[in-house]
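Below is one structure, written out as structure tokens; the observations come after it.
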Amino acid sequence: MDEIMIIISILTMIAGFALGYFIKIKVLHKKADKIIKEAIAESEVIKKEKILQAKEKFLQLKEKHEEDVNERKKNILFEENKLKQRESSINIRREELKTNLKEFEISKQENTVIRANLTKQLELVENKIEELDKLHKAHIEKLENIAGISVADAKIELVKSLHAEAKTEAMTYINDIIEEAKITANKEAKKIIVKTIQRIGTESAIENAVTVFHIENDDMKGRIIGREGRNIRALEAATGIEIIVDDTPESIVLSSFDPIRREVARLALHQLVTDGRIHPARIEEVVAKTKEQLEEEIMETGKKTAIDLGIHGLHREILRLVGKMKYRSSYGQNLLQHSRETAKLCAVMASELGLNSKVAKRAGLLHDIGKVPDEEIDIPHAIYGMKLAERYKESPEVCNAIGAHHDEIEMTNLISPIVQVCDAISGARPGARREVAESYIKRIKQLETIAAEEDGVVKTYAIQAGRELRVIVGSDKVSDKDIEKISFNIARRIEEEMTYPGQVKITVIREVRAVNYAK
């Protein structure tokens with residue numbers, strides 16, 4: 001009985017499992033049918049969308065094709081119209097050519113008749129020319145017989161007389177032109193220069209080859225000299241200058257041709273005296289620091305100068321050279337002050353003449369950078385300065401102005417003569433420079449020598465410090481007309497052979513004297 005119950009329960013469980021499995025299979029079939037139906041619906045939607053897209057694409061391509069076809073039709077019509085117009089113009093041209101050909105045939109016949117007439121007239125003219133040549137020769141022979149001179153000799157005499165007359169008239173004409181130019185051009189030039197000088201005002205700095213260092217008392221001299229002179233020897237060796245300690249109260253003389261060395265020695269001495277520790281090791285340390293400080297000051301001076309003048313974009317080495325100018329002098333004139341003054345003069349003069357004032361100011365400031373070299377040079381400072389400017393990428397106008405301001409090279413732009421003139425104005429103004437007496441005397445003698453070499457000159461006198469040259473000629477050797485030529489020749493020779501500030505006035509005097517004695 002128990003076994004039967006177990007079997008029945010087992011069968012019941014199996015039936016339950018089978019029924020559950022059947023129900024699950026039925027549910028899965030329903031889900032599968034639903035998924036298939038949804039997939040078929042989605043595929044129908046996608047199919048309809050793709051068909052619509054294909055139709056739209058087809059319509060677009062069709063419209064584009066129709067547009068291309070229409071455009072081609074228009075182009076074909078346009079070309080056809082052009083061909084028709086060209087064909088009509090060719091037809092018109094053909095008709096014109098036919099008409100012109102007929103006219104040409106007619107004019108050709110007329111030209112044949114005209115040519116025949118001209119040939120006859122030309123023969124008549126040639127016959128007349130032959131007759132005139134015969135008459136001209138006969139006339140010349142009669143004139144030669146009457147005058148007693150041949151035609152060739154008459155031509156020579158005529159040329160001589162015309163040459164002398166033309167020379168005199170040309171000289172007068174040249175003088176008139178020069179006077180007229182002086183009245184007009186000289187007036188304008190003076191106006192520009194006066195305006196330029198009026199706008200610029202700088203002090204003139206006179207520097208020597210020595211610097212006087214003041215001390216509080218003479219006891220300090222012994223400390224500066226040191227035991228057996230070791231301190232002063234160390235200071236001279238470190239700075240490269242000569243230190244003169246003499247009986248002058250409360251002062252020591254620092255002597256050197258190099259102002260930078262003198263300045264290093266002055267600053268180092270000031271620091272040593274202030275500090276009180278003076279011995280060779282301390283001297284070398286202080287001199288080294290002073291050199292570094294002076295280099296920084298030189299660079300700051302260059303930068304400040306460029307800023308003051310409104311000049312931008314200068315290379316660092318160029319700025320350092322500009323700063324070094326502060327410690328250099330030329331004929332007693334401080335080089336930096338001279339360069340600043342020249343730069344301002346160049347800017348004003350360039351603006352007056354309608355040129356680039358910035359380029360002119362730049363060239364004016366840098367024109368003497370060749371005077372502060374870092375090495376020994378054996379070429380003119382203008383050429384060296386030009387090479388420095390080219391090395392540091394300055395413009396060709398500035399480089400040419402630097403190299404040409406003493407006529408070492410040819411000037412290639414209008415800035416160059418402005419720099420040359422302003423350099424002369426800055427150096428030639430009263431108080432700017434000290435002129436060496438020997439060079440002054442040499443210039444005066446050269447003036448008188450040039451004038452004395454002219455024919456007919458008796459005496460020459462250079463007056464007004466070489467600003468005027470008076471020339472006395474012999475009245476028996478030189479005529480009144482010749483004195484114009486002599487003054488002109490002397491002026492040209494002075495311009496070509498001499499270098500001088502300002503201008504030189506040449507006055508030629510011809511006088512006749514009658515001397516008698518009453519006894």
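Please report Rg (one decimal) and Dmax (integer) in Å for the Cα set of the stretch 478-519.
Considering the stretch 478-519 through its Cα atoms, Rg and Dmax are 16.0, 53 Å.
Which whole-Hz ³J(HN,Hα) couplings does the stretch 268-278 yield from phi under the Karplus relation 6.51 cos²θ - 1.76 cosθ + 1.60, θ = phi - 60°, glycine and proline marked x?
5, 4, 4, 5, 5, 5, 5, 6, x, 8, 10
How far apart, in nm, are the 7 Å Cα→Cβ label points at MET5 and LEU83?
Reported label-point gap for MET5 and LEU83 is 11.5 nm.
Starting from the Cα of LYS30, step 7 Å along the direction of its Cβ; do the same at GLU242; then give the gap between the two resulting points in nm.
13.0 nm
For the chain, just run the numbers: alpha carbon Rg, then divide by 2.2 N^0.38 Å, N being how many residues it has. Don't skip to the end; give the middle numbers.
Values: Rg = 52.9 Å, N = 519, 2.2 N^0.38 = 23.7 Å.
Against the empirical 2.2 N^0.38 Å value, I get 2.24 for the chain.
Binning at 5 angstrom from zero up to the longest distance, how are the C-alpha pair distances of the stretch 31-148 distributed in percent?
2, 8, 5, 6, 5, 5, 5, 4, 5, 4, 4, 4, 4, 4, 4, 3, 3, 3, 3, 3, 2, 2, 2, 2, 2, 2, 1, 1, 1, 0, 0
Taking the highest mean first, how do the peptides 57-63, 460-466 order by number of other beta carbon atoms within 10 angstrom per residue?
Details: 57-63: 10.0, 460-466: 15.1.
The peptides rank, most packed first, as 460-466, 57-63.
Please list 3J(HN,Hα) in residue order for the stretch 382-396, calculated via the Karplus relation 6.51 cos²θ - 1.76 cosθ + 1.60 where θ = phi - 60°; whole Hz, with x for glycine and proline.
5, 5, 5, x, 4, 5, 4, 4, 5, 5, 9, 6, 6, 5, x
Per residue Cα convex hull volume for the stretch 330-418, in cubic angstrom? Walk me through the intermediate numbers first.
On the way: hull volume 8.2 nm³, N = 89.
Per residue, the Cα convex hull of the stretch 330-418 comes to 92 Å³.
Hey, can you grab everything whose amide H is under 5 Å from the amide H of ASN334? Only 5+ residues off in sequence or another chain; H modelled, so Pro and N-termini drop out.
For ASN334, whose amide H was placed from the backbone, the distant partners under 5 Å are ALA205.
Using 0.36 nm times the number of residues separating ASN70 and GLU49, minus their current alpha carbon distance, what extension gain do you get?
Details: separation 21, 0.36 × 21 = 7.56 nm, distance 3.13 nm.
Full extension of this stretch gives 4.4 nm more.
Specify the angular offset, from 0 to 90 degrees and rounded to the nearest 10, of the alpha carbon long axis of helix 482-497 from the longest principal axis of the alpha carbons in the chain.
Compared with the principal axis, the helix lies near 50 degrees.
Taking 7 Å along the Cα-to-C-beta vector as the label spot, tell me the GLU56-GLU123 distance in nanometres, rounded to one decimal.
Label-label distance for GLU56 and GLU123, simple model: 10.1 nm.
Check which residues have an amide H placed less than 5 Å from LYS505's amide H, if you skip close sequence neighbours.
GLU468, LEU469
Cut-off under 18 Å on the C-alpha distance; same-chain residues fewer than 8 positions from LYS485 excluded. Which lysines are left, in chain and number order?
Candidates past the 8-residue exclusion: LYS167, LYS182, LYS459, LYS477, LYS505.
Please report how many Lys pairs in the stretch 48-95 have alpha carbons closer than 23 angstrom, counting only residues at least 8 apart along the chain or sitting on separate chains.
Lysine pairs meeting the criterion: 13.
Could you sort 282-295, 392-405 so that the peptide with the highest average Cβ count within 10 Å comes first and the rest follow in order? Can you show the working numbers first?
Details: 282-295: 16.9, 392-405: 22.0.
Per-residue Cβ counts within 10 Å, averaged per peptide and sorted highest first, yield 392-405, 282-295.
Could you pull out every residue, at least 5 positions away or on a different chain, whose amide H is within less than 5 Å of the one on SER251? Hs are placed 1.01 Å off N in the peptide plane, and Pro or chain starts have none.
Residues meeting the criterion, in which the H sits 1.01 Å from N, are ILE215.
Using θ = phi - 60° and the Karplus relation 6.51 cos²θ - 1.76 cosθ + 1.60, list the HN-Hα couplings for the stretch 217-229 in order, rounded to whole Hz, with x at every Gly or Pro.
Running phi through 6.51 cos²θ - 1.76 cosθ + 1.60 with θ = phi - 60° gives 8, 6, 5, 5, 4, x, 5, 5, 5, x, 5, 6, x Hz.
Rule-based calculations on the coordinates, nothing more; no lab input. Fair warning: this is a prediction, and the values are worked out from it, not measured in the lab. Cβ sites come from the backbone with ideal geometry, for glycine too, and all protein chains shown count toward neighbours.
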